[in-house]
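J.: Take this structure first; my questions come after.
The values are calculated or read from the model by the stated rules, or taken from the named source; none is laboratory data. Keep in mind that what you see is a predicted model, and the values were worked out from it rather than measured. Here the Cβ is made from the backbone with ideal geometry for all residues, glycine too, and neighbour counts use every protein chain on show. The area values use the complete protein model at the heavy-atom level, side chains included, leaving out ligands, DNA and RNA. Shrake-Rupley method; radii C 1.70, N 1.55, O 1.52, S 1.80 Å.
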Amino acid sequence: AVTVSSSSNMSLKSGIQQARTGRDLPLKPLAEAINQSLERGTDVYITAHNRAQAERTAELLRGYDIDAPVSQGGSLPAPSSHGVFIREGSISAGFTLVNPAIAIITEEEIFGARVNKRPSPPARPGEALTDLADLAEGDFIVHTLHGIGLYRGLKRRTVEGVAKDFLLLEYLGGDRLYMPVERMDRLVRYNSFEGRAEPELDKLGGQKWKKTKGKIKKAIENMAGELLKLYAARHVAPGFAFSAPDASFREMEAGFEYEETPDQARAILDCIKDMMQPSPMDRLVCGDVGYGKTEVAIRAAFKAVLDGKQVAILVPTTVLAQQHYITFRRRLGAYPVNIEVISRFRTKKEQKEILARLSIGGVDIIIGTHRLAQGDISFKDLGLVIIDEEHRFGVRQKERLKKMRSTVDVLALTATPIPRTLHMSLASLRDLSIINTPPEDRLAVSTEVLRFDESVIKDAIEREMDRGGQVFFVHNRVQSMAPVEDMLRRILPHARIAVAHGQMREHELEKKMLGFVNREFDVLLSTAIIESGLDIPSANTIIINRADAFGLAELYQLRGRVGRSSRRAYAYFMIPETMNLTVDAQKRLDVIRELCEPGSGFKVAAYDLEIRGAGELLGTNQSGQIAAVGFEMYRRILEDTVAEMKGEKIQEEAEPEVNIKVSQYIPDDYVPHTGQRLGLYKRFASIQSDEELGAIEEEVLDRYGPLPEVVENIMETVRLRLLLKSLKARELDQKAGRLYINFNGTGDTPTDPSVVSNATRLVRGDSARFRILSDGRFSARLADGCAPLVEAQYVLKELLGRCYSEN
């Protein structure tokens, strides 16, 4: 029998409480309470959410002569073992057992509540395109100060006994630059997005790069003027400010059968915040197929209905309209919401009756194809327009949509935004939310580009049928579909084959589609009508004939019809046996083959931008500006220029430099893949908060195991950089046994008076150790035998007025 006591743990609880409120020796009361428990024969267990926090707690307790071994899992030690133990795990609150005599303490009770978050996505959507993890030697790269160069590899160099990694960059004339990895925030990949394969290299230290950026800035100012007028007019247009979410909305949210991914929750929050503003919302939600965009739309639509507004949902295909109708009815069926669909699957009489009810407010949510954008459609009180797969609508339809969206909130959903839409969003001219988090157990789709071969087709389909699955065969020309059907029936005599295309009668098409959904057929031979809408987990092989004739976004959407379960899916892109492909077609197929991992939709859109060209935002002409500096640098110039034209103050915040004489690098045997090391270095260089650092530390521990000392040194150096930013300091140097902190050159951010006061206090307390030099630098002598990184943290925290042991 186990007896639980709530009173015998009071002294331990009070020790914890004192530990959280004390400053000089924050864990001393806790240590005393633990020792008292041990004297009474009570073993103490401390829970920690992760290994890093467990090790940190054990280290702090060792400072009070308490040895607390760390282990994973919640199992108890052998009966002969007694003492203090730290376990990885999570419970809601600590407690004490009388028999056996055990006290449990949670991490939250010692350090306060923690929010366990996944790493946040990049602050700016465009930075999703700047990942350097797949950078290869010989690739072009852009340095914000020196311009376009060539990446020549990741090199480790040892100087005065200190080993670090550097990126070797080559410039015009063979000039070389060894770029410290901690400065990788200054590097971006070069993508021209104008079809220009090889840019001109810049001269290291030359003026050409500065002049090029100046010319582009001036061109952007001319281009952006009209665009800003357009969007400024929208922002001052009268709109409807929706109310804050109420109990009904929260109840509907709680009915969602899945846990929202962090990206999905952020997109929902962005939409609701936009809807609560008086100016009309214009937000694009970009997320891969199956990543939860529809749930974002459901939440926004329900919020609009709760405030008495009507919602129009426009989709490109009849099939997708029907699927959304089913999904919305299922999610909102418990609430008094009138949902209708208008499509070819409805008779003319049914459509007329639905539209009549819509005009008098009898329909709350209407789902339909481009029919909803026609002039005879009227609403009683339209408040929200949701456009799914916006890139599928034509120019005339978009002109009608513009009239609809002038004063109502607009939410667009897409997996692969068209180049101009993407360009505008990256330029901060349209609000953008990205859902990057993949569903659990989602696997990459195995993708092959092959010459047309009947034997390959036969093997692929039979393999899928043998494992109980279904197959899509896409042939996008109705006129030549009959010979393809004959071929499939000849090589697969036992397969159940259905044919579907947009020229069929509505009810016949619906019957074929529903038959495939209900697994009455093994193979669905169809046109690209299946591009959007079908969600069939049992269909995990797709064969696309004449893949060279499709656009990149279409290829990506078609491949998204498979791989929607935990099974491995296969996509075969067939090209003619003898035909030579155009350059653009070859590029599209190369991209679709390369980007097969879940969540690649945003990158596909970026490559589409590269292949097709961004062009002018308000016209169709191509522009050579992007090729001169690369897309990411162009985007940054565009973003800053637009912000300046809006009257916003642009302030370049220089990252502080840390020069401490300790080796710091990611060993090859710890992270063997060079691309993964580059990706980690880029992330370390871009960290802006302790929370980000903690999240990456947990991730690295989880993926690669215990941190080597040289990797711990990287993380401690990042902490120093964050402290320097808090101090508004420019540089931390270690020279001849002393630390030097430079506060000069930080622009319009003068040193905080409290920092000056703390520095003066330190000098008065120990003038032999601390000094304020004539040039304004603060200097501190390193204590004998003390690690320079630890000593530097102590000094910086003292200057900030923080207790050094708070960490």
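J.: Express the carbon and sulfur contribution to the solvent-accessible surface of the range 677-730 as a percent, rounded to the nearest whole number, probe 1.4 angstrom.
T.: C and S atoms contribute 45 percent here.
J.: Mind ranking 243-255, 261-273, 771-783 by how tightly packed they are, going by the mean number of other C-beta atoms within 10 angstrom, highest first?
T.: Details: 243-255: 12.2, 261-273: 19.7, 771-783: 15.4.
Output ranking for 243-255, 261-273, 771-783: 261-273, 771-783, 243-255.
J.: Excluding residues fewer than 8 places away in the same chain, name every one of the aspartates and glutamates whose C-alpha is closer than 14 Å to that of K512.
T.: Within reach: E520, D522.
J.: Take the cross-link list K273/K309; K293/K587; K155/K208; K164/K682; K458/K511; K211/K682 and give me the ones stretching past 20 Å between alpha-carbons. Before the final figure, lay out the partial values.
T.: On the way: K273/K309 17 Å; K293/K587 28 Å; K155/K208 28 Å; K164/K682 15 Å; K458/K511 26 Å; K211/K682 27 Å.
Pairs exceeding the cut-off: K293/K587; K155/K208; K458/K511; K211/K682.
J.: Starting with the highest mean, order 199-208, 361-370 by the number of other Cβ atoms within 10 Å, averaged over the residues of each peptide.
T.: Values: 199-208: 15.3, 361-370: 21.4.
Per-residue mean Cβ counts within 10 Å order the peptides as 361-370, 199-208.
J.: Next question, about the same structure. Starting from the Cα of E462, step 7 Å along the direction of its Cβ; do the same at H82; then give the gap between the two resulting points in nm.
T.: 7.2 nm
J.: Could you calculate the contour length gain from R593 to L701, that is, 0.36 nm times the residue separation minus the distance between their Cα atoms, to one decimal place in nm?
T.: The R593-L701 span can extend by a further 35.7 nm.
J.: I would also like to ask the following. Using a 1.4 Å probe on the protein chains only, how many percent of the accessible area of the range 441-498 belongs to carbon and sulfur?
T.: Within the range 441-498, the accessible surface is 48 percent carbon and sulfur.
J.: With a point put 7 Å past each Cα toward its Cβ, work out how far T760 is from D139 in nm, to one decimal.
T.: Distance between label points: 5.2 nm.
J.: A further question follows. Cross-link partners among aspartates and glutamates for K303, C-alpha distance below 17 Å, same-chain residues fewer than 8 apart left out?
T.: D246, E251, E253, D270, D274, D282, E295, D364, D381, D409
J.: Check which residues have an amide H placed less than 5 Å from V410's amide H, if you skip close sequence neighbours.
T.: The answer is M281, D282, R283, V385.
J.: Could you report the range 273-386's accessible area per residue, 1.4 Å probe, as an integer in Å²?
T.: Accessible area per residue, the range 273-386: 36 Å².
J.: Give or take rounding to whole Å, what are the principal axis extents of the alpha carbon atoms in the range 451-603, in descending order?
T.: Ordered largest first, the range 451-603 gives principal extents of 39, 34, 31 Å.
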